[in-house]
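K.L.:
My questions all concern the structure below.
The values are calculated or read from the model by the stated rules, or taken from the named source; none is laboratory data. Remember, predicted model here, so these are calculated numbers, not experimental data. Backbone-built Cβ (ideal geometry, glycine too); neighbour counts: all protein chains shown. Side chains included, ligands, DNA and RNA excluded: accessible areas come from the protein's heavy atoms. Shrake-Rupley method; radii C 1.70, N 1.55, O 1.52, S 1.80 Å.
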Amino acid sequence: WDHYFPHNAWPKPQVEWRHEAVRWFDKWLKGEDTGIMEEPAFAVYVRDWYPPDVSLEEIPGEWRFEEGFPLERTEYRDMFLGADNSLSERASGAGRHSLEYDPTVGMEGGGPVMWWGDLTPDQQPMDDASLVYDSEPLEGEVEILGFPRAFLNASADAPLASWVVRLSDVAPDGSVTQVAGAGFNGAHRSSSQTPEALEPGREYPLEIELHFTSWVFQPGHRIRVAITNSQWPMFWPTPYAMTTSLRLGGVGATRIVLPVIPYEDRPAPEFLPPAESVPALAGFGPLASAEGQPTTSGYAEVEGLVYDEETGKATLVAVNGGGYQYPWAQRLELEKITHSTNRHDPADTSVRTEYSTTILVDDRELLFEAVLDFHSDLANFYYRYTRKLYENGELLREKTWDEIIPREFH
């Protein structure tokens, strides 16, 4: 679940986690035998396939008890990336694939809210700008549970580059659902505390741990690995125009290691359904702001990409609006985030966040405004943040913070 409690999570499933918490506290604070310590240590929801759909109401799958994590019966399966864009358990002959860096790529990888774990749209548009490797259609189910790991033999003709690896499920109809992913700054290959520039043209072995995932690939589906150097606007683009290369086959062949789980008949937890919500406070309820409706997630969501072919500038806007009626007041909120970057000059990247909260109490109106301008060039980040407070249209307080921050391998 992303930024939700399990009892009101979106998308579903939902469970009454508070009952489980009380069982735990009763055991350890009151000494009561609630039976919780006799249950297996790990309960996990294993996801089944679903089509790429950012409005999905419920994730299909099932709950299962396991004795712990990682599962002892995990089989770590090497899947090798081939020179023919295949993905198989047998290493292919040697080859090399190159990719021209496009900092405007990546909206589909992050989903509308731009964070890992969010529901994502079809990955194919991003895959079209990536190095892509597909398995043959599967003959049977393949379940994975844990942290997939990618091992890349990669190089770049610039001193700084990032690599983004996404694991996806390609359905027979061609739709592509993201299963897991991760980004990696090549300067952190030895240490995140003491990053080092890349030597242009030199090959580096990179190990990239993807985020935790569960998934069941269905018969007839394909497993896909896609690799690119950008996932904007989730990740700030590295500043150099460049080309990266991936060596395939040979010693220490480029591959992904999947935590495959053989079938075993396991018990399932019996979670209670969410308890009914407490009665709403009289006079309390949601409001739409004059300029926008609340998003499904409750956070600013990307509306679409605008690209200027002549200048190479790409712009994305994420918005959210809404508020609440209280018995004594109204609160209205509006958020707008504008991202931009440039295909020809990745260092020229910026984000502008505009946020306002309006409080209406009787004949008094308080307006809190916040504007963040953050942009970069080849050497620095530039931070400017302004807060303002108005009462009935009159400015009462204002403060601005300015800072220049060296990029230092970002």
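K.L.:
If one computes the Cα centroid of the range 228-271 and of the range 310-324, what distance in Å separates the two points?
P.N.:
Comparing the Cα centres of the range 228-271 and the range 310-324, I get a distance of 28 Å.
K.L.:
Distance in nm between label sites at VAL278 and ASN392, each 7 Å beyond Cα in the beta-carbon direction?
P.N.:
About 3.6 nm, to one decimal.
K.L.:
I've got another one for you. How long are the semi-axes of the equivalent ellipsoid of the range 302-410, taking √(5λ) for every eigenvalue λ of the Cα gyration tensor, in whole Å from largest down?
P.N.:
34, 18, 10
K.L.:
Here is a follow-up. When only Cα pairs under 8 Å and 6 or more residues apart are kept, what is the percent relative contact order across the chain?
P.N.:
RCO, the chain: 16 percent.
K.L.:
Excluding ligands and nucleic acids, what accessible area in Å² is computed for HIS211 using a 1.4 Å probe, to the nearest 10?
P.N.:
For HIS211, the solvent-accessible surface is approximately 90 Å².
K.L.:
Indicate the gyration tensor shape class of the chain (rounded, prolate or oblate), computed on the Cα atoms with a ≥ b ≥ c the square roots of the eigenvalues: a/c under 1.5 is rounded; otherwise a/b larger than b/c is prolate and the rest oblate.
P.N.:
oblate
K.L.:
Which percent of the accessible area of the range 23-96 is formed by carbon and sulfur heavy atoms (probe 1.4 angstrom)?
P.N.:
Whole-percent figure for carbon plus sulfur exposure: 50.
K.L.:
For the range 4-73, rounded, prolate or oblate, judged on the Cα gyration tensor with a ≥ b ≥ c (square roots of eigenvalues), a/c < 1.5 rounded, else prolate if a/b > b/c?
P.N.:
Judged from the Cα gyration tensor, the range 4-73 comes out oblate (a/c at least 1.5, b/c at or above a/b).
K.L.:
Just to verify a number: FRET efficiency for VAL22 and ASN185, C-beta to C-beta distance, R0 = 60 Å, to 0.05?
P.N.:
0.90
K.L.:
Taking springs between alpha-carbon atoms closer than 10 angstrom, which of SER297, SER192, SER245 fluctuates most in the Gaussian network model of the chain?
P.N.:
Maximum among the listed residues: SER192.
K.L.:
Loop-only chymotrypsin sites (Phe, Trp or Tyr not before Pro) in the range 292-397, please: DSSP not H, G, I, E or B, and at most 15 other Cβ atoms within 10 Å.
P.N.:
TRP328
K.L.:
Follow-up question, since we're still on this one. Would you check the accessible area of GLU365, probe 1.4 Å, heavy atoms only, in square angstrom rounded to 10?
P.N.:
Its heavy atoms expose roughly 80 Å² to the probe.
K.L.:
Rounded, prolate or oblate, given the Cα gyration tensor of the range 231-354, with a/c below 1.5 counting as rounded?
P.N.:
Cα axes put the range 231-354 in the oblate bin.
K.L.:
Tell me, how many Å apart are the Cα centres for the range 47-111 and for the range 160-194?
P.N.:
Here the two parts' Cα centres lie 9 Å apart.
K.L.:
For LEU29 and GLU62 in one chain, what is 0.36 nm times their gap in residues minus the Cα-Cα distance, to one decimal in nm?
P.N.:
In short, 8.7 nm is gained.
K.L.:
Here's a follow-up. The range 27-107: which GluC sites (Glu not before Pro) are DSSP loop and have at most 13 other beta-carbon atoms within 10 angstrom?
P.N.:
GLU32, GLU57, GLU67, GLU72, GLU89
K.L.:
On a full-extension model of 0.36 nm per residue, what is the gain between GLU136 and GLN193, subtracting their alpha-carbon distance, rounded to one decimal in nm?
P.N.:
Answer, rounded to one decimal: 16.5 nm.
K.L.:
Also: Roughly how many nanometres apart are two label points built 7 Å out from the Cα toward the Cβ at ILE404 and ASN8?
P.N.:
4.6 nm
K.L.:
Ordering LYS336, LYS27 by accessible area with a probe of 1.4 Å, largest first, what comes out?
P.N.:
Ranked list, largest accessible area first: LYS336, LYS27.
K.L.:
Further question: Quick check for me: using +1 on Lys/Arg Cβ and -1 on Asp/Glu Cβ, what's the dipole size of the chain about its Cα centre, in debye to the nearest 20?
P.N.:
For this selection, approximately 860 debye.
K.L.:
Using heavy-atom solvent-accessible surface (probe 1.4 Å) with all chains present, what is the largest-first order of ARG73, ARG343?
P.N.:
ARG343, ARG73
K.L.:
Per DSSP H run of at least 4 residues, take -39500 (n - 2.57); add these up for the chain, divide by its residues and hand me the 222 nm value, nearest 500 deg cm²/dmol.
P.N.:
-1500 deg cm²/dmol
K.L.:
Treat every Asp and Glu Cβ in the range 154-218 as -1 and every Lys and Arg Cβ as +1, leave all other atoms uncharged, and give the resulting dipole magnitude about the Cα centre to the nearest 20 debye.
P.N.:
The calculated dipole for the range 154-218 is roughly 80 debye.
K.L.:
In nm, what is the difference between 0.36 nm times the number of residues separating ASP373 and PHE147 and their Cα-Cα distance?
P.N.:
The span from ASP373 to PHE147 would gain 77.8 nm if fully extended.
K.L.:
At 25 °C and 0.890 mPa s, grab the translational diffusion coefficient of the range 69-158 from Stokes-Einstein with a Kirkwood Rh over Cα pairs, rounded to a whole number in µm² per second.
P.N.:
Result for D is 154 µm²/s.
K.L.:
Let me ask something else about it. How large is the charge dipole for the range 1-69, taken about the Cα centre, if only the Cβ atoms of Lys, Arg (+1) and Asp, Glu (-1) carry charge, to the nearest 20 debye?
P.N.:
200 debye
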